[in-house]
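For reference, the structure is listed below as structure tokens.
The values are calculated or read from the model by the stated rules, or taken from the named source; none is laboratory data. Everything numeric here is computed off the predicted structure, so don't read it as measured data. All Cβ positions, glycine included, derive from the backbone under ideal geometry; neighbour counts span all protein chains shown.
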Amino acid sequence: EAIFNMLYSLGLPKGCRVVDLFAGSGALGIEALSRGAEEAYFVDKSAESCRTIKDNLEGLAIYGRVIQGDALQKLESLEVDLVLADPPYGFDDWNRLLTAAGKAVVVAESDSAIEALEGWEVVRSRKYGRAMVTILLPIKRDDG
């Protein structure tokens, strides 16, 4: 998958803790696990999506923690290294998502380009069909 080819140059997802936000079927998180992620969380507000993710994980005999609820609220309570965010089209609360992501690398899939927000650097941005995939890194600050 194109997203993971982009991540490989950053040494990801091998050995990291991943959250698949707005997870749907869980495809991104499952792919991260298959490529060496240590742990994966799947967050979606839909009970049906959460059941689908559990079925997909079970069918592949792999473990991931499925969490039903608001993606951004749940992200605030998770400590992860990589955030895979594929929100519904028209989503525009990137500032809140990046704030909740903390020090994690964020892969954002959206219907338009995401501008670098304060404290973040866009390291890759590519268009795939109608989707724009952007990888953002938190800018490390020197605390004196």
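Details
- Residue that is farthest from Val43 (Cα to Cα), among those in the stretch 73-86 that are under 11 Å from the mean Cα position of the chain (by Cα) and at pLDDT 95 or above: Asp81
- Scanning the stretch 46-73 for residues that are within 23 Å of Arg96 (Cβ to Cβ), of a type outside the set (Val, Ile, Thr) and in contact with a helix residue (DSSP H, G or I) (Cβ under 7 Å, 6 or more places away or on another chain) gives Gln68, Leu72.
- Taking first residues from the stretch 90-102 that are farther than 13 Å from Val19 by Cβ and partners that are of a type in the set (A, V, I, L, M) and in a helix (DSSP H, G or I), the Cβ contacts under 8 Å between residues at least 6 apart in sequence or on separate chains come to Asp93/Leu72; Arg96/Leu72.
- Of all the listed residues (Asp44, Asp55), the sole one being modelled with pLDDT of 95 or more, farther than 22 Å from Arg126 by Cα, of a type in the set (Asp, Glu) and surrounded by 20 or more Cβ atoms within 10 Å (Cβ to Cβ) is Asp44.
- Residues in the stretch 1-32 that are in contact with a Pro (Cβ under 8 Å, 6 or more places away or on another chain) and modelled with pLDDT of 95 or more were compared, and the one that is surrounded by the most Cβ atoms within 10 Å (Cβ to Cβ) is Ala32.
- Take the conditions (1) touching a strand residue (DSSP E or B) at 6+ places or on another chain (Cβ under 6 Å); (2) among the charged types (D, E, K, R); (3) without any contact (Cβ under 8 Å) to a residue 12 or more places away in the chain; Asp55 misses just one of them, which is (1).
- Number of the condition not met by Glu76 [criteria: (1) crowded, with 19+ Cβ neighbours inside 10 Å; (2) of a type outside the set (Ser, Thr, Tyr); (3) touching a residue at least 24 places away in the same chain (Cβ under 8 Å)]: (1)
- Restricting the stretch 90-141 to residues that are farther than 19 Å from Leu10 by Cα and of a type in the set (Val, Ile, Thr) leaves a set whose member that is surrounded by the most Cβ atoms within 10 Å (Cβ to Cβ) is Ile114.
- Pairing each residue of the stretch 108-134 that is under 19 Å from Val19 (Cβ atoms) and touching a residue at least 12 places away in the same chain (Cβ under 8 Å) with any residue that is outside any strand (DSSP E or B) and among the charged types (D, E, K, R), provided the two are 6+ apart or on different chains, yields C-beta distances under 6 Å for Glu109/Asp86.
- The residues of the stretch 1-30 that are in a loop (DSSP other than H, G, I, E, B) and not charged (D, E, K, R), listed by number, are Ser9, Leu10, Gly11, Leu12, Pro13, Gly15, Cys16, Phe22, Ala23, Gly24, Ser25, Gly26.
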